[in-house]
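First the structure, in the form of structure tokens, and then the observations on it.
Rule-based calculations on the coordinates, nothing more; no lab input. It should be emphasised that the depicted structure is a prediction, and the values quoted were computed from it without experimental measurement. Don't worry about glycine lacking a Cβ; one is built from the backbone with ideal geometry, like all the others, and counts go over all protein chains shown.
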Amino acid sequence: MAAETWHDIKNTSMNFDIDKIRADFPILKEIIRGKNLCYLDNAATTQKPQVVIDTLTKYYSGQNANIHRGVHYLSELATKEFEDSRVKIKKFINASSEKEIIFTRGTTESINLIANIFNKGILKDGDEIIISGMEHHSNIIPWQLIQDQKKIKLRVIPIDDNGEIIFEEFLKLINEKTKLISVVYVSNSLGTINPVEKIIETAHQQNIPVLLDAAQAIQHIAIDVQKLDCDFLAFSGHKIYGPTGIGVLYGKKKLLEALPPFQGGGDMISKVTFEKTTFNDLPYKFEAGTSNIADAIGLGTAIDYVSSVGIEQIAKHENEILDYATQSLSQIKELKIIGKAKYKSSVISFVFDNIHPHDVGTFLDFEGIAIRTGHHCTQPVMDRYNIPATSRASFAIYNTKDEVDVLVKGIKKLIEVFN
């Protein structure tokens, strides 16, 4: 879904049974420090529905075997479940082929994979990579590591006070030395939805490939990689109600075929001799060693779950929660929201003049409220706003306006105590 239509979703008429959805997530019944859990740390990781938990239990208790290499029943069953998950992901993001779906450990490994193979096969001294000023550290450090090996230049798109990229400045950064543009789709610390369609179109006019970090987009926005025309896209399973330790790199088939492998080992080969090795076809060329089988299957179940609810319905619900929370928190005069982009996902970061974010998080924890505090692995963003950290509430499929009220009540209690 294009960022420009994000707020239009709330005008659609859809059924959304929040009580049924909340019942699907067993952890939401937990009591934390004598209070009902109010989980508002979804940008860090989402909770898991029972069907995902059951999938993992079923695999380990009745399907556990290594994949691809076995001819016995359990191996064939595990292989089928594993590859079925790949097909589900292919359909979910509308890739043209399941061969374009590479399993990784998460967004970080997916970005590192691209960085490393670009370093091996494409980048030369003097080349440039463009990122934005709101990137997660996982889309900064891999390129800096290459800078330590080659004389490449990392160029950064600046952001304005609202937390939006300055597009005119982006245009000035592009030149004949630009070899890749790697940008976050949705900022984890600001909630900004970047104009990725416009970025991709601009880049492709000069034959520059684009990598999208979709870790904070995949669970909130309907993604069609063919419509976006992105060259690469990365996301993590645990951000979309799936297990930790599993992620995806999507890449256009023709590009992946032209790039060298990331790692060497089993399953990524076609034939090995001491003189020469030939590599396997996609996607296996980039999946060396025993895969994270159980969690890949669990991710497939999470994709099924999200699809059964409908990403459009999820977007509508989360947008309503975001609007309500923004209005409610904006009425607290001591609180300042960091990140006021026109198009936002369900993240609100905020600060107080006289209360450190860590104290905010600790205090709210005793109220049963789980939020995130710190720099959120975006220290350059904190530097941009001249702050050490923020408190961040982030919303998901199962959150309610009542939980926003609990958050507001907790913050007002916090202000009374500290003032």
What are the radius of gyration and Dmax of region 126-203, computed over its Cα atoms and given in Å? 12.2, 35
Considering Cα pairs under 8 angstrom that are at least six residues apart, work out the relative contact order of region 53-307 and quote it in whole percent. 25
Using only the Cα atoms of region 53-307, what do you get for the radius of gyration and for Dmax, in Å? 18.6, 60
Counting helices only, and only those DSSP H runs with n ≥ 4, report the 222 nm mean residue ellipticity of the chain as the sum of -39,500 (n - 2.57) divided by its residues, in deg cm²/dmol to the nearest 500. -11500 deg cm²/dmol
Roughly how far apart, in whole Å, are the Cα centres of region 314-358 and region 379-419? 7
Among beta bridges assigned by DSSP with both residues in region 53-307, the antiparallel ones amount in percent, to the nearest 5, to 50
Would you compute, for the Cα atoms of region 334-404, the largest minus smallest coordinate along each principal axis and list the three values in descending order, in whole Å? 33, 30, 24
Would you order S346, S75 from fewest to most other beta-carbon atoms within 10 Å of each residue's own beta-carbon? S75, S346
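Can you list the DSSP H helices in the chain whose Cα atoms extend at least 18 Å along the helix axis and whose mean Kyte-Doolittle hydropathy is 0.0 or higher?
Span-like helices, by this rule, are 107-121, 293-309, 401-418.
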Please arrange T57, T46 by how many other C-beta atoms lie within 10 Å of their C-beta, fewest to most. T57, T46
Expected vector for region 144-161, Karplus 3J(HN,Hα) from phi with 6.51, -1.76, 1.60 and θ = phi - 60°, integer Hz, x for Gly and Pro, equals 5, 4, 5, 4, 6, 9, 10, 8, 9, 10, 9, 10, 10, 6, x, 10, 8, 5
Go from 0 up to the bin containing the longest alpha carbon distance in region 74-203, width 5 Å each, and give me the % of pairs per bin. 2, 9, 17, 17, 18, 15, 10, 6, 3, 2, 1, 0
Taking H220, H204, H238 and counting other beta carbon atoms within 10 angstrom, the fewest-first order is H204, H238, H220
Taking every pair of distinct Cα atoms and averaging 1/r, then inverting, what Kirkwood hydrodynamic radius in Å comes out for region 285-419? 16.9
Would you mind computing the Rg to Rh ratio of region 159-261 from its alpha-carbon coordinates, Kirkwood style for Rh? 0.98
